[in-house]
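This report concerns only the one structure given below.
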Amino acid sequence: MKLTPDIYFEKVPPSLNMEIRSELYHTNEFTFAIAVILSAQATDRKVNEVTPALFAIADTPQKMIKLGEDGLKEHIKVISFFNNKAKNIIKLSYALGNSDLPRSRDALMKLPGIGQKTANVIMNVLWGAPTIGVDTHVFRNSHRYRWVSNEANTPEKVEAELLKIIPEKYHSITNHVMVLHGRYICSALRPKCAQCPVAPWCDAAEKII
């Protein structure tokens with residue numbers, strides 16, 4: 001039997017033995033948005049190394065503006081592309097001013113540093129929106145399980161195809177489950193198939209028995 005989304009989302013969440021949530025450290029909606037921006041092409045672990053100290057002094061747009069671009073760079077210089085991320089975060093802080101994050105994807109994507117994947121993750125984690133943020137784990141394993149076509153070669157195309165085949169009741173947990181499962185079990189190199197609850201249904205080429 002093929003590994004279907006129904007089987008996957010019935011079997012995988014209970015097996016993770018952890019809360020199905022983002023692992024990015026944050027203290028409020030603004031800091032979560034900043035953490036997601038920093039996590040682009042960086043691991044959550046690396047981001048979490050710098051954000052507690054950063055958010056202790058800059059957990060609002062006004063405080064981030066006061067810290068300034070150079071001050072922000074000092075805090076995030078171990079993160080990939082920190083120069084560009086610092087520039088966008090300061091621009092984002094000015095754009096928000098005293099306002100909260102907007103709750104629509106279109107409005108979020110008009111803010112500096114926020115693309116579709118970042119907007120999807122923000123909406124899903126903060127407000128439970130049925131969006132699917134496609135990061136490296138979701139992208140890789142969507143293809144590994146052959147849930148998406150070979151033509152789905154961008155995160156946007158993967159999301160569009162996943163939304164069609166994954167039942168709506170799972171949309172709010174899709175990103176969390178696939179990220180955690182992809183990070184700890186169904187990894188890119190040497191996946192831990194012996195520990196995987198859906199191994200009996202999986203016929204991925206990378207399967208290791």
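Read-outs: derived from the displayed coordinates by stated rules, not from any lab. Computed from a predicted model, the values in this text were never measured in an experiment. All Cβ positions, glycine included, derive from the backbone under ideal geometry; neighbour counts span all protein chains shown.
Here are the numbers for this structure:
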item	result
21 Å Cα-Cα reach of Lys164 towards lysines, excluding residues that sit fewer than 8 places from it in its own chain	Lys2, Lys11, Lys117
Under the Karplus curve 6.51 cos²θ - 1.76 cosθ + 1.60, θ = phi - 60°, whole-Hz ³J(HN,Hα) for segment 96-102, x wherever Gly or Pro sits	6, x, 9, 8, 7, 4, x
Inter-centroid distance (Cα atoms) of segment 131-195 relative to segment 17-66, Å	23 Å
Extent along principal axes [Cα atoms of segment 29-127; Å; largest to smallest]	32, 27, 21
3J(HN,Hα) from dihedral phi, segment 160-175, Karplus parametrisation 6.51/-1.76/1.60, rounded to Hz, x for glycine, proline	4, 6, 5, 4, 7, 9, 8, x, 4, 5, 9, 4, 5, 10, 4, 4
Mean ellipticity per residue at 222 nm, deg cm²/dmol - from DSSP H runs of n ≥ 4 across the chain, formula -39500 (n - 2.57)	-17500 deg cm²/dmol
Fraction of alpha-carbon pairs over 12 Å apart in segment 81-123 - percent	59 percent
Cα-derived Rg over Rh, computed across the chain with Rh taken as Kirkwood radius	1.00
With Cα atoms, 0 to 90° folded angle of helix 5-15 axis to the chain main axis	70 degrees
Excluding exposed DSSP-loop trypsin sites (Lys or Arg not before Pro) (at most 15 other C-beta within 10 Å), longest clean stretch of the chain	22-76
For segment 70-77, Karplus couplings with θ = phi - 60° (6.51, -1.76, 1.60), whole Hz, Gly/Pro x	5, x, 5, 4, 4, 7, 10, 5
Qualifying aspartates and glutamates (Cα of each under 15 Å from Cα of Lys87; at least 8 residues distant if same chain)	Glu69, Asp70, Glu74
Kirkwood Rh (inverse of mean 1/r, distinct Cα pairs), segment 108-178, angstrom	12.2 Å
Where only alpha carbons of segment 30-70 are counted, the Rg and the Dmax (Å)	10.1, 27
Descending semi-axes in Å of segment 1-41, equivalent ellipsoid built from Cα gyration tensor	30, 13, 8
